[in-house]
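Engineer: Can you read through this structure? Questions will come right after.
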Amino acid sequence: MTDLARYGPWAVIAGGSEGVGAAFAHQLADAGVNLVLIARKPDPLEQTAERCRRSGVEVRTLAIDLTSPEAMDRTAAVTGDLEVGLLIYNAGANTCSEQFLDGDLSDFQRVLDLNVGTMLAMVQHFGRPMRERRRGGILMVGSMAGYLGSVRHTVYGGVKAFGRIFAESLWLELREYDVHVLELVLGVTRTPAMERVGLNFDVPGLRVAEPDDVAREGLEQLANGPVYVAGGNADDVARRNDPDRAKVVLGTDRMMRKLLGERDNR
């Protein structure tokens with residue numbers, strides 16, 4: 001395991017209440033890193049915080065919707081007296097799965113706010129002091145959805161593609177300052193959020209990762225940016241880069257329909 005103490009004394013985890021975010025929190029707490037956990041739902045947020053406190057670290061919580069206009073100001077207020085050496089931006093759900101022409105633009109704007117707007121604000125806010133100290137880490141959780149177009153991911157896939165290019169560029173920008181930057185690309189992961197949307201984890205041949213495993217991979221690979229594909233999905237990502245875009249998009253669409261339990265009548 002990477003020496004996580006170099007990223008302390010405090011880590012901020014946006015989306016730190018359950019699933020992969022909670023796994024990050026548990027592993028960092030076990031390594032002695034104090035935590036600021038941010039998420040929308042207060043109950044699972046406090047449950048994760050209490051579990052981490054049992055490891056002997058300090059934990060602060062902020063229950064807020066990260067798409068709200070005051071999210072960054074509230075985060076800055078909670079962390080203003082802390083030296084934050086690690087930012088993990090794990091808050092990147094697809095909050096609008098409508099077909100684009102049927103959805104409301106304001107709902108798609110929330111996808112943009114969560115995956116781009118608030119992420120950029122937090123990276124800039126916490127990254128500037130890291131650059132001055134010439135020490136720190138920024139880990140952004142991405143998705144394999146950002147490698148190709150897919151039904152009901154019209155906007156979400158686009159913002160995830162943006163996130164990967166942003167991470168690569170930021171990695172270049174901060175290399176000389178010894179601030180590590182990584183986008184951790186996830187495939188299908190057995191999280192409460194994925195269970196709530198009814199994903200069929202039993203599709204034959206489907207590779208399903210566990211939150212503890214992908215969080216561990218991310219922390220281990222943080223110094224080896226700019227992008228790491230977790231859960232053994234690197235070969236699948238390589239296939240998604242095939243220049244025959246119609247072939248790869250249609251093929252993946254068929255698999256996604258099985259995953260969601262939908263019938264492909266085309």
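Engineer: Hey, rough spin-label estimate for residue 234 and residue 76, points 7 angstrom out along Cα→Cβ, what's it come to in nanometres?
Structural biologist: It works out to 4.0 nm between the two label points.
Engineer: Can I ask one more? Of the heavy-atom accessible surface of the chain (probe 1.4 angstrom), what whole percent is carbon and sulfur? Intermediate values should be presented prior to the final figure.
Structural biologist: Details: 6120 of 12670 Å².
Heavy-atom surface of the chain belonging to carbon and sulfur, 1.4 Å probe: 48 percent.
Engineer: When averaged across all projection directions, what area in nm² does the alpha-carbon convex hull of the stretch 37-149 cover? Mind showing how you got there, number by number?
Structural biologist: Values: hull surface 34.7 nm².
Hull-based average projected area comes out at 8.7 nm².
Engineer: To continue, here is another question. Taking θ as phi - 60°, what are the ³J(HN,Hα) couplings along the stretch 18-33 by the Karplus curve (6.51, -1.76, 1.60), each to the nearest whole Hz, with x for Gly and Pro?
Structural biologist: Rounded to whole hertz, the list is 8, x, 5, x, 5, 5, 4, 4, 4, 5, 5, 4, 5, 8, x, 8.
Engineer: Now a separate question. Counting other Cβ atoms within 10 Å, keep those with at most 11, restrict to DSSP loop, and tell me which trypsin sites (Lys or Arg not before Pro) in the stretch 228-259 are left.
Structural biologist: Of the trypsin sites (Lys or Arg not before Pro), not one in the loops of the stretch 228-259 has a Cβ with at most 11 other Cβ atoms within 10 Å.
Engineer: Taking the stretch 1-96, which GluC sites (Glu not before Pro) meet the DSSP loop condition and have no more than 16 other C-beta atoms within 10 Å?
Structural biologist: 58, 70, 83
Engineer: Please state the charge dipole magnitude for the stretch 21-81, taken about the Cα centre, from unit charges on C-beta atoms (+1 on K and R, -1 on D and E), reported in debye and rounded to the nearest 20. Before the final figure, lay out each step's value.
Structural biologist: Numbers: 7 positive and 9 negative charges, 34 e Å.
Using only the charged Cβ atoms, the result is roughly 160 debye.
Engineer: When the Karplus curve 6.51 cos²θ - 1.76 cosθ + 1.60 is applied with θ = phi - 60°, which whole-Hz ³J(HN,Hα) does each residue of the stretch 165-176 get, with x for Gly and Pro?
Structural biologist: With coefficients 6.51, -1.76 and 1.60, one gets 5, 4, 4, 4, 5, 5, 4, 4, 5, 9, 4, 5 Hz.
Engineer: Here is a follow-up. Alpha carbon centre of the stretch 164-189 versus the stretch 73-144: separation in Å?
Structural biologist: 13 Å
Engineer: While we're looking at this one, here's another question. What angle do you read, to the nearest 10 degrees and between 0 and 90, between the alpha-carbon axis of helix 211-221 and the longest principal axis of the chain?
Structural biologist: 60 degrees
Engineer: Using Cα-Cα distances under 8 Å and only pairs 6 or more residues apart, what relative contact order does the chain have, in percent?
Structural biologist: Averaging sequence separation for qualifying contacts and normalising by length gives 17 percent for the chain.
Engineer: With only Lys, Arg, Asp and Glu charged, each at its Cβ (+1 for the first two, -1 for the last two), find how big the charge dipole of the chain is about the Cα centre; round to the nearest 20 debye.
Structural biologist: Numbers: 31 positive and 37 negative charges, 69 e Å.
Dipole size: approximately 340 debye.
Engineer: A further question on this structure: Taking a probe of 1.4 Å, how large is the accessible area per residue of the chain, in Å²?
Structural biologist: For the chain, the per-residue accessible area is 48 Å².
Engineer: While we're looking at this one, here's another question. Kindly provide the helix-only [θ] at 222 nm of the chain, computed as the sum of -39,500 (n - 2.57) over DSSP H runs of four or more divided by all residues, to the nearest 500 deg cm²/dmol? Write out the running numbers ahead of the final one.
Structural biologist: Values: 10 runs with 116 residues, N = 266.
My calculation for the chain gives -13500 deg cm²/dmol from helical runs alone.
Engineer: Along the charge dipole of the chain, Cβ charges K/R +1 and D/E -1, which of 4, 47, 59 sits furthest on the positive end?
Structural biologist: Projecting each Cα onto the dipole axis, the largest value belongs to 4.
Engineer: Explain nothing, just the number: dipole magnitude of the stretch 70-186 about its Cα centre with +1 on each Lys and Arg Cβ and -1 on each Asp and Glu Cβ, in debye rounded to the nearest 20.
Structural biologist: 360 debye
Engineer: Hey, another quick one. Using only the C-alpha atoms of the chain, find the volume of their convex hull and express it per residue in Å³.
Structural biologist: Values: hull volume 33.1 nm³, N = 266.
Dividing the Cα hull volume of the chain by its residue count gives 125 Å³.
Engineer: Further question on the same structure: In degrees between 0 and 90, to the nearest 10, how far off the longest principal axis of the chain does helix 42-53 point, with axes built from Cα atoms?
Structural biologist: Roughly 50 degrees, rounded to the nearest 10.
Engineer: Calculate how steeply helix 245-259 sits against the longest principal axis of the alpha-carbon atoms of the chain, using the helix alpha-carbon long axis, and give the answer as 0 to 90 degrees to the nearest 10.
Structural biologist: The answer is roughly 80 degrees.
The values are calculated or read from the model by the stated rules, or taken from the named source; none is laboratory data. Since the model is a prediction, treat every value here as computed from it, not as a measurement. With ideal geometry, Cβ positions are generated from the backbone for all residues, glycine too; neighbour counts draw on all protein chains shown. Note: accessible area is taken over every heavy atom of the protein model, side chains too, but ligands, DNA and RNA are not part of it. Shrake-Rupley method; radii C 1.70, N 1.55, O 1.52, S 1.80 Å.
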